[in-house]
1. From the list LEU191, LEU178, which one is surrounded by 14 or more Cβ atoms within 10 Å (Cβ to Cβ), at pLDDT 85 or above and in the same structural domain as SER88 (by TED's automatic domain parsing)?
2. Restricting attention to the stretch 145-157, does a residue exist that is buried (at least 19 other Cβ atoms within 10 Å of the Cβ) and free of Cβ contacts under 8 Å to residues at least 60 places away in the same chain?
3. For the condition on the phi > 0 side of the Ramachandran plot and either modelled with pLDDT of 85 or more or in a helix (DSSP H, G or I) (or both), what is the one hit in GLY168, GLY225?
4. Going by the structure shown, is SER94 small (Gly, Ala, Ser) and farther than 30 Å from GLY277 by Cα?
5. Could you say which residue among THR124, THR45 is in a helix (DSSP H, G or I), more than 18 Å from the chain's Cα centre (by Cα) and over 17 Å from LEU178 (Cα atoms)?
6. Of these, VAL105, VAL17, which one is assigned by TED's automatic domain parsing to the domain that holds THR124 and under 21 Å from LEU169 (Cα atoms)?
7. Suppose we filter ASN11, ASN51 for residues that are more than 24 Å from the chain's Cα centre (by Cα), at pLDDT below 90, farther than 27 Å from GLY150 by Cβ and surrounded by fewer than 16 Cβ atoms within 10 Å (Cβ to Cβ); which single one remains?
8. Cβ-Cβ distance below 8 Å, separation of 6 or more or different chains: which pairs start in the stretch 294-311 with a residue that is closer than 21 Å to SER224 by Cβ and end on one that is surrounded by 10 or more Cβ atoms within 10 Å (Cβ to Cβ) and charged (D, E, K, R)?
Amino acid sequence: MNSGNFSQKNNDQKAFVIAWIIGCIFYFVEYVVRSSPAVMIRELTIFYDINDLRVSSVLGTYYYTYSITSLIAGIGLDRFGGKYAITSGIAMLSLGCVLFSIPLVYIGDAGRLLQGAGSAFAFTGCVYLASHGFHAGKIATAIGFTQCIGMLGGSAGQFITGPLIHNGLSLQTYWITLGAICFVIGLLIYLITPTEKKNDGGFTKSRLLIPYKIVFSNSQSYLSGMISGLLFAPTTIFAMTWGIAFFQQDRNRSYHDSVIICSMVALGWVIGSPFLGWLTDKIGLRKPILLGGIFLMIICCAQLFFVPNLIPEVVNGSANIKKHFIK
């Protein structure tokens, strides 16, 4: 390799690192978008003129497109590169935020669907950028840092957004601002991420389906997916959606206290993910850590719902930490 090619490769590597940093900001904002509706359930019922059940339907549409598009995001990155795939995801998230600011429930549904589709490119995109910007020995650290940033966004989406909404910030202003922030992030990603030359030779439908055949023909894939999904459920379904309403209406806690309690779950991820990841690599075993996390989750949830006065709810929420160790 001549000096010119080496210099170009080095410059591209630095550009990918910078793009990864911006991608982490995208992941942070994506989690703000995902978690913040939990602090505005009452406001959304008024904004869209619907009941609580319909609000849950609107918010739940996020995960329909998020789950489906997650399967497509990887192919898009491999096929078109990070520059175009990640920018497309951010554009969908930005448009979804803007549509969510329109007080028509069906447009809100469409906005939430776009938010889920765009968010699917966040973590996958960050991993892709990290793999191009860092040496192999540092990728795991970069991924762990990415997860921390995302969960900080999940906590901020409740801990910071809650007081803003409670003190009178309008939903339209909030969601349009998030859409504008996403637009700026997408523009930076597009300008900074190097353009990759993709070899289209031999790209056929059969080759497109090979990775899916490998994944779906392995029974471990279903076990891993089921465990990961169940471990994630208390965060996404409870803490990031209905937790605040639960503590207000069923436990008679103040709005302020309810927001803090639920935001502790995401903060628990921030602390627990890198620590348990390090511990897993340290002992060289994944199953003991995974099983320990599962039992801790069961104990914390059981105590929270059946013996609520035994441990303060804030401590219980922060103990609700999860990490996916099946690779």
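1. LEU178
2. So far as the stretch 145-157 goes, no, none of its residues is buried (at least 19 other Cβ atoms within 10 Å of the Cβ) and free of Cβ contacts under 8 Å to residues at least 60 places away in the same chain.
3. GLY168
4. Yes; evaluated as a whole, the condition is true for this residue.
5. Selected residue: THR45, the only one of THR124, THR45 that is in a helix (DSSP H, G or I), more than 18 Å from the chain's Cα centre (by Cα) and over 17 Å from LEU178 (Cα atoms).
6. VAL105
7. ASN11
8. Partner pairs satisfying both residue conditions: MET297/LYS322.
The values are calculated or read from the model by the stated rules, or taken from the named source; none is laboratory data. From a predicted model like this one, the values you see are computed outputs, not experimental measurements. Here Cβ is always computed from backbone atoms with ideal geometry, including for glycine, and neighbour counts include all displayed protein chains.
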